Amino acid sequence: MFAKFWVFLALFCLHVQHSHGATDKVICYVASWAIYRPDKGEYHPKNIDPNICTHINYAFLGVYPNGTLQMIDEWGDIEKGNFAEVEALKEINPNLKTIISIGGWNAGNAILAPIAASPELRANLIASSFEYFEKYGFNGLDIDWEYPEAKDKENFITLLREIKEAFQPKGHLLTIAVSAIPIDDAYDIPGMSENVDVINLMTYDFHIPGGGIAAENSPLYWGGADTPWQREYENVNSTVVNWVNAGADPGKLTIGLAFYGHTFQLADPAQHDLGAPVIDAGMSGPYTKGYGVMGFNEICEFTGDWTRVFDDQQKVPYKYKDDQWIGYDDEESVALKVQFAKDHNMAGLMIWTVDMDDFLGLCGPKNGLLEVIKQNL
Ligand SMILES: *[C@@H]1O[C@H](CO)[C@@H](O)[C@H](O)[C@H]1NC(C)=O
Ligand SMILES: *[C@@H]1O[C@H](CO)[C@@H](O)[C@H](O)[C@H]1NC(C)=O
């Protein structure tokens, strides 16, 4: 009787542990260069709310060809106080984890591939990471390798395993950011999942103006037969399902939330539905100034003569006015994505990037999108 009870209890606990892993991570990338944005766009790491973000991924540091970490902007990182401000957030939340992010467009394949391939260079990267942890207080390393190729597949796992073996005993974290669409010949997904603490899925940029039609940045679901221009896997749901089916532990996966949208210039202002023809990227943001990209803090100010439509199939909004069209995320779509992460027992959410939230409260409460995450987690 008692034995039966204990077996039952053990099975129950296993079941609970497997199916109800807490969805509690809010991994906030911060763009180190946001300190140089003009006017209401200027953002410093001290502006981050460390009671909502559980992890801060500082983007980016580079890597020298010899594997040593490289400050790309020493003026911003040190003199202007970015590193110190990130570290000081732990006075507000002592559980906050801060992570150095390497990669992105600063350290692409040309740098990371030779490092992953060499035992000596891998050891240099690990030693250099420890120096940064000791000197500046960071808790971990995030690798955004865009993107490994087939020849790098095994080396990537070796790199991750060696870093994990060095970090784990000291309590340091290793995270990666990956392509939403699993790269079959370059990603050993079970191997990646086994050797990292978190896999951040870059579930955005599914549609950009080069595609010639107005389409969403980060649909939650496939648009179905109504959207022949869109491949069935180009959405958050399919990304998560495909990564889990390929062997990723859902408890290590985060959904990447884009705190920005892609802008398009319509070919004909009278045709503004999803899938409308476009001739170019649309307007740039007054603060972020990127080509065909605007932050949520910039988009949210477009009210009045702009029309907002919430697409019920893909569960994301778009906005248009005259020949301008923007596919983006707002409070409504972010809430649904948070719910999706919880329903799928994922680790949580990743944000690219917090400096594009409505951090001044120009359109509603301060940090409007982060607040939605907090309320729905
Ligand atoms: C790697 O290269 C950088 C830049 O040249 C240099 O400062 C650093 O000392 C080198 N590190 C090692 C371990 O050789
Ligand atoms: C989610 O994605 C999977 C894989 O693409 C698909 O089989 C499933 O139907 C999708 N779910 C919904 C509700 O669209």
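The values are calculated or read from the model by the stated rules, or taken from the named source; none is laboratory data. If you're wondering where the values come from, they're calculated on a predicted model, not measured in any experiment. In this analysis, Cβ positions are derived from the backbone assuming ideal geometry, glycine residues included, and neighbour counts consider all displayed protein chains. Areas reflect the complete protein model, heavy atoms only, side chains present, ligands, DNA and RNA absent. Shrake-Rupley method; radii C 1.70, N 1.55, O 1.52, S 1.80 Å.
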Filter result for residue 334 (buried (at least 19 other Cβ atoms within 10 Å of the Cβ), over 23 Å from the mean Cα position of the chain (by Cα) and aliphatic (A, V, I, L, M)): no
Residues (of a type in the set (Gly, Ala, Ser) and either modelled with pLDDT under 95 or more than 20 Å from residue 312 (Cβ to Cβ) (or both)) located in the range 258-281: 267, 270, 281
Residues satisfying the stated conditions in the range 74-89, i.e. more than 16 Å from ligand 1 (Cβ to nearest atom), open to solvent by 30 Å² or more (accessible area, probe 1.4 Å) and not aliphatic (A, V, I, L, M): 75, 79, 80, 85, 87
Selection count where residues are farther than 22 Å from residue 27 by Cβ and more than 14 Å from ligand 1 (Cβ to nearest atom), scope the range 120-134: 1
Criterion violated by residue 310 - all others in (1) within 16 Å of ligand 2 (Cβ to nearest atom); (2) open to solvent by 40 Å² or more (accessible area, probe 1.4 Å); (3) not charged (D, E, K, R) satisfied: (1)
Among the residues listed as 52, 99, the single one being more than 16 Å from ligand 1 (Cβ to nearest atom) and touching a Gly at 6+ places or on another chain (Cβ under 7 Å): 99
Test result for residue 350, without any contact (Cβ under 8 Å) to a residue 60 or more places away in the chain and surrounded by 15 or more Cβ atoms within 10 Å (Cβ to Cβ): no
Options 143, 56, 52: the member that is in a loop (DSSP other than H, G, I, E, B) and aliphatic (A, V, I, L, M): 52
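Conditions (1) open to solvent by 50 Å² or more (accessible area, probe 1.4 Å); (2) in contact (Cβ under 8 Å) with a residue 24 or more places away in the chain; (3) outside any loop (DSSP other than H, G, I, E, B); (4) on the phi > 0 side of the Ramachandran plot, marked per residue:
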site: 264; (1), (2), (3), (4): no, yes, yes, no
site: 279; (1), (2), (3), (4): yes, no, yes, no
site: 304; (1), (2), (3), (4): yes, no, no, yes
site: 318; (1), (2), (3), (4): no, yes, yes, no
site: 326; (1), (2), (3), (4): no, yes, yes, no
site: 340; (1), (2), (3), (4): no, yes, yes, no
site: 346; (1), (2), (3), (4): no, yes, no, no
Residue within the range 153-162 that is open to solvent by 30 Å² or more (accessible area, probe 1.4 Å) and in a loop (DSSP other than H, G, I, E, B) present: no
Of all residues making up the range 200-251, the number that are within 26 Å of residue 142 (Cβ to Cβ), away from ligand 2 (no atom under 16 Å from the Cβ) and hydrophobic (A, V, I, L, M, F, W, C): 2
Counted residues, the range 61-73 - those being touching a helix residue (DSSP H, G or I) at 6+ places or on another chain (Cβ under 7 Å) and surrounded by 22 or more Cβ atoms within 10 Å (Cβ to Cβ): 2
Selection from the range 90-139 of residues that are among the β-branched types (Val, Ile, Thr), part of a helix (DSSP H, G or I) and either farther than 17 Å from residue 161 by Cα or open to solvent by 10 Å² or more (accessible area, probe 1.4 Å) (or both): 111, 126
Residue satisfying all of: in the range 237-262; in contact with a Pro (Cβ under 7 Å, 6 or more places away or on another chain) and not in a strand (DSSP E or B); farthest from residue 311 (Cα to Cα) among these: 247
